[in-house]
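The values are calculated or read from the model by the stated rules, or taken from the named source; none is laboratory data. Computed from a prediction, not measured in an experiment: that's the story for all the values here. Here Cβ is always computed from backbone atoms with ideal geometry, including for glycine, and neighbour counts include all displayed protein chains. We work out accessible area using only protein heavy atoms, side chains counted, and drop any ligands, DNA or RNA first. Shrake-Rupley method; radii C 1.70, N 1.55, O 1.52, S 1.80 Å.
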Amino acid sequence: MASDSLEGVLRKDFFWGYATAATQVEGGWNADGKGVSIWDTFAHTPGKVKDGSTPDEAVLSYYQYKSDVALLKQYGVTGYRFSLSWSRIIPLGGANDPINEAGLQYYSNLVDELLANGITPFVTLFHWDTPQALEDRYGGMLDMKSYIPDFVNYARVCFERLGDRVKNWITYNEPGVYTLAGYAAGVHAPARSSNRDLNEIGDSSTEPFIVGHTELVSHAYAVQLYREKFQETQKGSIGITLHGNWSEPWDEDDPLDQEAAERAREFEIAWYGDPVYKTGDYPASMRAQLGDRLPKFTAEESKLVLGSSDFYGMNSYTSFYIRHLDTPPHIDDHSGNVEKLDTNKKGVSRGPESDTYWLRTSPWGFRKLLNWIWKRYGVPIYITENGTTAKGETAPTEEVLNDRFRIEFFEGYINALTTAVKEDGVDIRSYFAWTFTDNWEWAAGYSDRFGVTYVDFESKEKKRYPKRSAFVIKDLFGKYIAKD
Ligand code: GBH
């Protein structure tokens, strides 16, 4: 393997570590004044989560942050990406609603603990947990005019209270996943779609695009505020994190499949990426298929959104083969009228199966995706999530903790990203593996284990058991990051 020649390839200030999200790890769902989020509501609605579980306790990191930071330190990380729970900080969410000091104190303590251990915090403002009160008050992100001042006020509180120590901000995590899972498929909170077997309310053909627009514009206003009022003194950077997998043509020689794959990338990634980094507008392929169902940017919005991210925050897990369809697009299609397949025309698989239906190990697409993003947008890339589950992880046995499958995943992807830096000149500044510990995997509950740390969810304290992958990742970055 080429791994030795990759020694010292990554910049010496490259950040690496683990990413988490508040709902998935904190627990303390109503502790110390926290308000209810749409995910609390969702999970407490019978039938919504696969194993009937809730994030009420999750992995109790709200209570165990000190020992968790100690474990992170043992894993050798230089950064830790976590999200703030909006309803922990402002329980009712709105610009005129009271602040919960106890909630802010928790995050302030966590930041201090990280810094005291030499770990740089990367903080996400929004990882899907809209305050329920805003949903009830005006429909959350469906009402952009009401929502923007509330989100911007929340961002301001975070900058004011944590920005003296937090220098790396991410506004939204995966706006596209929030909209598609929550408003198109209806399988995530706030559980809206056109599918009346699943959801009482919603319209999959319009709402995802309305909500996506709200995310983009509110992101841009929060960034404007940071740049005008905080950046000069606090000297941090701010951006957005987009989700995207690699789309490869099913038949590499068929121009229709090549176009379909590019269309799939545009619907999944450029939906948000082009407005922010390239044109201030949605891709032409989306306008062509969606017409007036896709909102239009006003001149003012467009100007505000374009250039509103200091970096490209990138979450990616897998690759798919994409085949064109000969039929016209369905009104509820959000992928560019394509078919997503596990094997290509020659019968080659996209990669070995994990324990999660959509996820297969396919590092070959990771390098291609890094190049596609770099060529299209040309801003530094911060990889903010990447990781996998593995079959058969049901008890912390020696075999499970020696997690070969996950190790091979990380070896492949970390190799691919380092090769993209070395061979292709892509500017990559961070890598956060998903995730630190097994956690509450949203609608999949506790069944999908993404952690480099096994968690015994049956134990009262959610006991942690390091898996070997944590130490393999440490060794890899120890080699690949340049020394002084
Ligand atoms: C991330 O999202 C999240 O940020 C994180 O919270 C989560 O725990 C982690 O991934 C692992 O799931 O059937 O092909 O349409 C990744 C989100 C999940 C988005 C699968 C697309 C639909 C798959 N992706 N989803 S598909």
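Fraction of C-alpha pairs exceeding 16 angstrom in segment 1-113: 67 percent, rounded to a whole number. For segment 175-276, the share of alpha carbon pairs falling in successive 5 Å distance bins from zero is 2, 12, 15, 15, 15, 15, 11, 7, 4, 2, 0 percent. If a spin label sat at a point 7 angstrom from the Cα of D253 along the line to its beta carbon, the backbone N atoms of segment 309-324 nearer than 20 Å would be those of 321-324.
Three principal axis extents describe the C-alpha atoms of segment 56-137; from largest down they are 45, 22, 19 Å.
For segment 34-137, chymotrypsin sites (Phe, Trp or Tyr not before Pro) meeting the loop criterion (DSSP other than H, G, I, E, B) and having at most 15 other Cβ atoms within 10 Å: none. The alpha carbons of segment 361-411 stretch over 45, 19, 14 Å along the principal axes, in descending order.
What share of Cα pairs, in percent, lie more than 38 angstrom apart in the chain? Roughly 19 percent, rounded to a whole number. Debye-formula intensities of segment 280-341, expressed as log10 I(q)/I(0) at q = 0.16, 0.30 Å⁻¹, are -0.78, -1.20 (one equal scatterer per alpha-carbon, no solvent). Hey, which lysines would be in cross-link range of K375, C-alpha to C-alpha under 23 Å, not counting anything within fewer than 8 residues on its own chain? Qualifying lysines at Cα under 23 Å: K278, K303, K422. Each Lys and Arg adds +1 at its Cβ and each Asp and Glu adds -1 at its Cβ; summed about the Cα centre, the chain shows a dipole of about 1100 debye. How many angstrom separate the Cα center of segment 118-149 from the Cα center of segment 190-245? When both Cα centres are located, 8 Å separates them. The antiparallel fraction among DSSP beta bridges confined to the chain stands at about 25%. Label point 7 Å out from Q224 along Cα-to-Cβ: which residues of segment 131-163 have amide N under 14 Å? Correct set: 145, 148-153. Given R₀ = 35 Å, FRET efficiency for F471-D164 by Cβ-Cβ distance, to 0.05? E(calc), rounded to 0.05, equals 0.55. Annotation: per residue accessible area for the chain equals 38 Å², rounded to a whole number [probe 1.4 Å, protein chains only]. The gain in end-to-end length when the D332 to D112 segment is fully stretched comes to 74.6 nm, 0.36 nm per residue minus the alpha carbon separation. Spin-label pair T394-D197: with each label point 7 Å from Cα along the Cα-Cβ axis, the two points sit 2.8 nm from one another.
In order along segment 307-315, phi translates into HN-Hα couplings of x, 8, 9, 6, 7, 9, x, 10, 10 Hz, rounded to whole numbers, per the Karplus curve 6.51 cos²θ - 1.76 cosθ + 1.60 with θ = phi - 60° and x for Gly and Pro.
Split the chain at each of the GluC sites (Glu not before Pro) in a DSSP loop with at most 10 other beta carbon atoms within 10 Å, and the longest piece is 201-457. Exceeding 31 Å between C-alpha atoms, which entries from my cross-link table qualify? They are K66/K167; K50/K479; K368/K474. Among K66/K167; K50/K479; K368/K474, the Cα-Cα distance tops 31 Å for K50/K479.
In this entry, segment 348-479 is assigned a mean projected area of 9.2 nm², taken as a quarter of its C-alpha convex hull surface.
Pairwise alpha-carbon distances in segment 253-395 exceed 25 Å for 38% of all pairs. Taking the inverse of the mean reciprocal distance over all distinct Cα pairs, the Kirkwood hydrodynamic radius of segment 312-381 comes to 14.0 Å. Here segment 88-199 is treated as a sphere whose radius is the Kirkwood value from Cα pairs; by Stokes-Einstein at 37 °C and 0.692 mPa s it diffuses with a coefficient of 213 µm²/s. Please report how far the C-alpha centroid of segment 83-117 lies from that of segment 408-484, rounded to the nearest whole angstrom. If we compute the Cα centre of each part, the gap is 26 Å. For segment 282-315 versus segment 347-402, the spacing of their alpha-carbon centroids is 27 Å.
Residues of the chain were split at every exposed loop site, defined as trypsin sites (Lys or Arg not before Pro) in a DSSP loop with at most 16 other C-beta atoms within 10 angstrom, and the longest piece left, sites excluded, is 51-164. Gain on full extension, evaluated as 0.36 nm per residue between D342 and N30 minus their Cα-Cα distance, stands at 108.2 nm.
Segment 416-459 gives an Rg/Rh value of 1.23, both radii derived from C-alpha positions and Rh following Kirkwood. Taking the Kirkwood radius as Rh and the Cα radius of gyration as Rg, segment 1-51 has a ratio of Rg/Rh equal to 1.32.
Measuring r between the beta carbons of T233 and I99 and using R0 = 25 Å, the FRET efficiency lands at 0.70.
Using a 1.4 angstrom probe on heavy atoms only, work out the carbon and sulfur share of the accessible area of the chain in %. Summing carbon and sulfur atoms, their accessible area is 51 percent of the total for the chain.
Scanning the chain for DSSP H helices at least 24 Å long along the axis (C-alpha atoms) with a Kyte-Doolittle mean no lower than 1.0 picks out nothing.
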